[in-house]
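Trainee: Pasting a structure here, questions to come.
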Amino acid sequence: MIIQKISRVLSNFDNILPVFAAACAAMSLFVLLTLPLPYSEDQLYPKEIVPGSSLNPYDRGGPPFTQAAIHSQYPENSPTAGYVTAYLTPLSLFLSEHTLYMGTTIVAHPGGILDEILYNTRGLDTVVEPTILFVAFAIAAYLFRKREA
Amino acid sequence: MNEIGGAPLFFLEFGDIVIYFTPFTLTLFLLALVFSVFVLVSRPERQLEIAFGGDAYYAKEISLSELRFRRFMSIACGLACMGAMVTGDVFDFTLFVSLVGICNVGIVAAVRSRHVQNAAYQYGLVALAGTVPMFAAAGMVAATTGTLSMLELAKGALTVPLAAQALLVLGVMGEGMAPFYAAKAEMFRAPGAPYVIMCSLSSLLIFLRVTEVILLI
């Protein structure tokens, strides 16, 4: 009997979103009850905030083309990580030498800091992320142009 | 190592993301691969409807653009599934699963019927909401253990909190909700049918895989 009732509610797909939302709310409550969780001090890819560095907060240290220390999970799988993380193009170098307040600009424009966590040690993640975006754009474009077809 | 899916046969390293094939993940990977190939070679079903009270029948035509789009989405879904089956990294797994979710939205959303579009909209909302607990779980795993690699977590020295595991399952449930909508939208026998089966298959596969992940970490 109870299964009949449940399946009757779930058979209407307008009800699944509220059911899922209720599950999320219950789960949030459960997670709040299990707090506080311990924080592990031994984190991968640690990054220090260096006050006074013009690349703050993206400074991973080291001169370019000498290997900066990156604490990765399997260092043997990415032996070249850390070589170009401090490399700046002349424009970025100019910016970084003349102002302390352009850190995000330097990271965000081409030729700025290459975060090797993103492009070397965790490269597959970075490939999948834009794929999600491209698929989302493809769906949006198809739905938008649907009336023309 | 806690070998829930059998002994690893082969490792493929992408930096810190180590893809590993155990008998379990290899089976799921091959299943996803075979279905992707089926989708690639199959043609959409042309539904026939008998006109009431006569000998006439209607054959529903699938436009080429719809066929192309749904085939593309199904193959993308198959590839995402293959990735989710074998990846050895918690964050990478969540990314692949959300890619599966968004591809499923695309497969459902391409059908030109108000009823089906409505279902796709509702499913899109669930899939969107499902990413929140899933990425929260990945963040909690990273914060409490300091690593994201399943192979490291499987050694048993690090304990993943129960809350993170529960959030991961809830998130994957949200992403894998597609069959509810696909079945409700009566699309298995609708025009363009074979591609919808990818929704169900990918949901089944990610549920199987998340079970392994939860038992492993």
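The values are calculated or read from the model by the stated rules, or taken from the named source; none is laboratory data. Computed from a predicted structure; not experimentally measured. With ideal geometry, Cβ positions are generated from the backbone for all residues, glycine too; neighbour counts draw on all protein chains shown. Note: areas computed on protein heavy atoms with side chains; ligands, DNA, RNA excluded. Shrake-Rupley method; radii C 1.70, N 1.55, O 1.52, S 1.80 Å.
Trainee: Would you mind telling me which numbered condition in (1) at the interface with chain B (Cβ under 9 Å from one of its Cβ atoms); (2) open to solvent by 70 Å² or more (accessible area, probe 1.4 Å) A:Val135 fails?
Mentor: Result: A:Val135 fails condition (2) only.
Trainee: I want to confirm something. Restricting to region B:100-116 and keeping residues that are within 12 Å of the chain's Cα centre (by Cα) and open to solvent by 10 Å² or more (accessible area, probe 1.4 Å), which single residue is nearest to B:Phe29 (Cα to Cα)?
Mentor: The extreme case among them is B:Ile102.
Trainee: Residues that are under 20 Å from B:Leu99 (Cβ atoms) and within 14 Å of chain A (Cβ to nearest Cβ), at least 1 per element: which strands (runs of 3 or more DSSP E) completely within region B:2-84 meet that?
Mentor: Values: elements: B:10-14, B:17-21, B:48-50, B:57-59.
The qualifying strands (runs of 3 or more DSSP E) are B:10-14, B:17-21.
Trainee: Evaluate the following for A:Leu118: is it under 30 Å from B:Arg70 (Cβ atoms) and under 21 Å from the mean Cα position of the chain (by Cα)? Quick ask: steps written out before the conclusion?
Mentor: Values: under 30 Å from B:Arg70 (Cβ atoms): no; under 21 Å from the mean Cα position of the chain (by Cα): yes.
No, not satisfied.
Trainee: From the list B:Leu128, B:Leu151, B:Leu162, which one is in contact with a helix residue (DSSP H, G or I) (Cβ under 8 Å, 6 or more places away or on another chain) and hydrophobic (A, V, I, L, M, F, W, C)?
Mentor: Values: B:Leu128 fails: in contact with a helix residue (DSSP H, G or I) (Cβ under 8 Å, 6 or more places away or on another chain); B:Leu151 fails: in contact with a helix residue (DSSP H, G or I) (Cβ under 8 Å, 6 or more places away or on another chain).
Testing whether each residue is in contact with a helix residue (DSSP H, G or I) (Cβ under 8 Å, 6 or more places away or on another chain) and hydrophobic (A, V, I, L, M, F, W, C) leaves just B:Leu162.
Trainee: Turning to a different aspect of this structure: Out of A:Pro46, A:Pro130, A:Pro57, which single residue is under 23 Å from the mean Cα position of the chain (by Cα), within 14 Å of chain B (Cβ to nearest Cβ) and in a loop (DSSP other than H, G, I, E, B)?
Mentor: A:Pro46
Trainee: If you don't mind, another one. Go over the candidates B:Leu26, B:Leu48, B:Leu79, B:Leu64 one by one and state the one that is under 15 Å from the mean Cα position of the chain (by Cα) and open to solvent by 20 Å² or more (accessible area, probe 1.4 Å). Spell out how you get there, then give the answer.
Mentor: Details: B:Leu26 fails: under 15 Å from the mean Cα position of the chain (by Cα); B:Leu48 fails: under 15 Å from the mean Cα position of the chain (by Cα); B:Leu64 fails: under 15 Å from the mean Cα position of the chain (by Cα).
After applying the criteria, what remains is B:Leu79.
Trainee: Then there's this: Can you list residue pairs whose Cβ atoms sit under 7 Å apart, with the first residue in region B:189-207 being modelled with pLDDT of 75 or more and aromatic (Phe, Trp, Tyr) and the second being surrounded by fewer than 24 Cβ atoms within 10 Å (Cβ to Cβ) and not in a loop (DSSP other than H, G, I, E, B)? Count only pairs 6 or more apart in sequence or on different chains.
Mentor: B:Tyr195/B:Val39; B:Tyr195/B:Arg71
Trainee: Inside region A:8-32, can you point out the residues that are small (Gly, Ala, Ser) and either modelled with pLDDT of 85 or more or touching a Leu at 6+ places or on another chain (Cβ under 9 Å) (or both)?
Mentor: First pass over region A:8-32, keeping only residues small (Gly, Ala, Ser): A:11, A:21-23, A:25-26, A:28.
Those that are small (Gly, Ala, Ser) and either modelled with pLDDT of 85 or more or touching a Leu at 6+ places or on another chain (Cβ under 9 Å) (or both): A:Ala21, A:Ala22, A:Ala23, A:Ala25, A:Ala26, A:Ser28.
Trainee: Any idea which residue in region B:151-163 is least open to solvent (accessible area, probe 1.4 Å), counting only those that are under 14 Å from B:Gly139 (Cα atoms) and within 8 Å of another protein chain (Cβ to nearest Cβ)?
Mentor: Step one: list which residues in region B:151-163 are under 14 Å from B:Gly139 (Cα atoms), which gives B:160-163.
Those still in the list that are within 8 Å of another protein chain (Cβ to nearest Cβ) too: B:161-163.
Values: B:Pro161: 22, B:Leu162: 115, B:Ala163: 1 Å².
Per the stated criteria, the residue is B:Ala163.
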